[in-house]
1. If we keep just the residues of the range B:43-55 that are closer than 24 Å to B:Val211 by Cβ and more than 12 Å from ligand 2 (Cβ to nearest atom), which is farthest from the other protein chains (Cβ to nearest Cβ)?
2. Condition first: polar (S, T, N, Q) and under 23 Å from A:Trp53 (Cβ atoms). Now tell me which residues in the range A:106-152 satisfy that.
3. Determine if the range A:115-130 includes at least one residue that is more than 14 Å from chain B (Cβ to nearest Cβ) and either at pLDDT 95 or above or farther than 28 Å from B:Met84 by Cβ (or both).
4. If I filter the range B:151-164 for residues that are within 16 Å of ligand 1 (Cβ to nearest atom), under 13 Å from the mean Cα position of the chain (by Cα), within 12 Å of chain A (Cβ to nearest Cβ) and not acidic (Asp, Glu), do I get at least one hit?
5. B:Pro40 versus (1) within 15 Å of ligand 1 (Cβ to nearest atom); (2) of a type outside the set (A, V, I, L, M, F, W, C); (3) at the interface with chain A (Cβ under 9 Å from one of its Cβ atoms): which is the lone unmet condition?
6. Given the criteria touching a helix residue (DSSP H, G or I) at 6+ places or on another chain (Cβ under 9 Å), within 16 Å of ligand 2 (Cβ to nearest atom) and more than 14 Å from chain A (Cβ to nearest Cβ), does B:Val35 qualify?
7. Which helices (runs of 4 or more DSSP H) does the range A:106-161 wholly contain that include 2 or more residues that are surrounded by fewer than 18 Cβ atoms within 10 Å (Cβ to Cβ) and within 24 Å of the chain's Cα centre (by Cα)?
8. So in the range B:87-98, with the set limited to residues that are assigned to a loop (DSSP other than H, G, I, E, B) and in contact with a strand residue (DSSP E or B) (Cβ under 7 Å, 6 or more places away or on another chain), which one is nearest to the other protein chains (Cβ to nearest Cβ)?
Amino acid sequence: MKLDWAVVWDHAGALAQGTALTILLAVATMAIALPGGLIVAMLRLSGIRPLAWASTTFTEFFRNLPLILVIYATYYILPLATGIAFSPFATALVALSLNVSAYNGETFRAGIVSIRRGQGEAALALGMSRLQAMREVVLPQALRRVLPVLASTWVALFKDTSLVSVISVGELAYTAMEIRSQTFRVLEMLTAMAAIYWMLGYPQAKLVDAINRHFGISE
Amino acid sequence: MTAPPVIEYRDVRKRFGDFTALDGVSLTIARREVVCLIGPSGSGKSTLLRCTNGLEAIDDGSILLDGKVLPTDARGVRLMRRRMGMVFQNFELFPHRTVLANVLIGPVTVLRLPRAEAEARARTLLDKVGLADKAASYPASLSGGQQQRVAIARALAMEPEVMLFDEPTSALDPETIGEVLGVMKRLAEEGMTMIVVTHEMSFARRVADRVAVFERGRIIEEGPPAQIFDAPTVERTRDFLSHLGWSG
Ligand SMILES: Nc1ncnc2c1ncn2[C@@H]1O[C@H](COP(=O)(O)OP(=O)(O)OP(=O)(O)O)[C@@H](O)[C@H]1O
Ligand SMILES: [Mg+2]
C-alpha cells in the first residue's frame with residue numbers, strides 16, 4: 001500500500017480550522033463547567049434538601065451515561081424541548097458542559113469536604129457569613145487541592161471533544177473524517193489526526209504531571 | 001466582682017444524641033475577669049465555649065451576653081461573634097494566606113475596614129504578640145507557638161469584648177508554651193475578659209480570677225484559684241488535681 005502524504009498538506013487549512021474549533025470547544029466547555037460544577041457542588045452542600053437532591057441526581061445522571069449518548073440525546077431533545085434550532089456547535093457545547101459540570105461538581109464537592117472543619121469554624125468565629133467563609137477560606141484551599149483532578153478532567157475533555165463529530169460539528173475529528181471520505185486516504189488522515197491530537201495533548205499531560213507534583217502532596 | 005456580668009450561663013444543657021455534654025451549667029463572667037475552665041477530658045469545657053459563640057446550639061437554659069439572650073438568627077449570631085474572639089487548640093490559621101493576611105481578614109471582610117486601616121491595625125497587633133517580622137510569612141513556616149500568637153492577633157483584630165481560649169497550648173511543644181501564655185497573661189493584665197479552657201494549672205493559678213472545675217457536663221466546684229488549688233472542698237476536684245500531679 002502506497003501512502004500519499006500530500007493529501008494532508010492539501011487540506012492543511014481545513015485541518016487547522018478543525019483544530020481551532022476543537023480548542024475552542026474544549027475551552028468554552030471548561031469555561032461553563034467550572035462555574036457549573038461549583039454551583040452543582042454548592043447546591044449539594046447547601047443543606048437544603050430539595051437542592052441537594054437535585055444536585056445529586058444531576059451528577060449521578062450525567063456521570064454515569066456514556067458521553068456519546070448524551071451528545072445524541074441533546075441533539076434530538078434540545079430543539080424539541082426549547083423550540084429553538086441549535087447549531088451543531090452549540091448542541092455540542094451543551095452536551096459536553098452537562099457532562100463536565102457533573103464531573104467538576106463531584107470534584108469540587110470532594111475538595112470542599114476535605115478541608116478541615118475547624119477552618120470554616122475559625123472563619124465563622126470571626127463573624128463571617130457562611131458564604132464569606134466559603135469564599136475566603138474554604139474554597140481557595142479546596143481549589144488548590146483539586147487542581148490536579150481538574151487538570152486531568154481537562155485532558156480527558158480535550159480528547160472527548162472528538163465525540164461530537166457524530167453530530168457533524170466541524171472540529172478536528174470530523175474534519176479529518178470528512179477529508180478521508182472524500183479522498184479515501186484513510187491511513188494518512190488517521191495519522192494526521194493522531195499527530196495533531198498528540199502534539200496538543202502531550203504538553204498538556206506533562207503540565208498535569210507538573211501540577212500533580214506541585215500540588216498533589218501539599219498538607 | 002461588682003462589675004456587671006458580660007456573660008451569664010443559666011442552667012445550660014447540651015446533648016449530642018443520647019449523650020449529655022452539658023448538664024445544667026450556670027456561671028457568671030464579669031467584665032475584665034479571667035475565668036479558667038479545668039476538668040477531665042470530655043467533661044464539656046470545649047462544648048461550653050462552642051455554645052458561647054454559637055458554633056453549637058444549646059438545647060436548654062440560656063446564655064446571656066450583656067444581659068441579653070444570645071441571638072439565634074444568622075445575622076444576630078454574626079454580630080454576636082464579632083464581640084467574641086475565639087482561639088482554637090489547633091490554631092486554625094488560614095494556610096493559604098500570609099500571617100498579615102490572616103490578621104487582616106476579619107477587619108476587611110467582616111468589619112469592612114479600609115485596607116490601609118485594617119493593615120495598620122494588623123501590624124500593631126502582630127507587633128504586640130512579638131511577630132512583626134513574620135507578617136509576610138506563611139503559617140506553615142512558623143512554629144506552633146508563633147502560629148498560636150498569630151491566631152490570638154487574628155481574634156484581637158476584631159476588637160472583641162471577650163476572648164475564648166480552647167486549650168490554646170495543648171498542641172504546642174513545651175518550649176513554645178511559655179510565649180503563648182505570656183501573651184495571654186499580658187492580655188489579662190490589660191483588662192480583657194477571658195474564658196480559658198486549659199490544662200496549664202500554673203497559668204490558671206497565676207492569672208485566673210476564678211477557676212471552674214468541670215466534670216461530666218457540670219461545674220462541680222468554682223472559686224478563686226487559691227481555694228481550688230490549695231483547699232478544694234470537693235473530693236473530685238482533689239482527685240482531678242492530684243491526677244494531674246498538682247501538689248499546690
Ligand atoms: N459534635 C459532637 N457530636 C457528638 N459528641 C460530641 C460532639 N462534640 C463533643 N461531643 C462529646 O461531648 C463530650 C464533651 O466534649 P468536649 O469537647 O466539650 O469536652 P472537653 O471537656 O473539651 O474535653 P477535652 O479536654 O478532651 O477537650 C465528649 O464526650 C465528646 O465526645
Ligand atoms: Mg476540649
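1. Across the range B:43-55, the extreme among qualifying residues is B:Cys51.
2. Of everything in the range A:106-152, those that are polar (S, T, N, Q) and under 23 Å from A:Trp53 (Cβ atoms) turn out to be A:Thr107, A:Ser114.
3. Taking every residue of the range A:115-130 in turn, none turns out to be more than 14 Å from chain B (Cβ to nearest Cβ) and either at pLDDT 95 or above or farther than 28 Å from B:Met84 by Cβ (or both).
4. The answer is yes; a qualifying residue exists.
5. It is condition (3) that B:Pro40 fails.
6. no
7. Counting at least 2 such residues, we get A:139-160.
8. The extreme case among them is B:Phe88.
The values are calculated or read from the model by the stated rules, or taken from the named source; none is laboratory data. As the structure is a computational prediction, the values presented were derived from the model and not from experiment. In this analysis, Cβ positions are derived from the backbone assuming ideal geometry, glycine residues included, and neighbour counts consider all displayed protein chains. Surface accessibility is based on the protein's heavy atoms, side chains included, excluding ligands, DNA and RNA. Shrake-Rupley method; radii C 1.70, N 1.55, O 1.52, S 1.80 Å.
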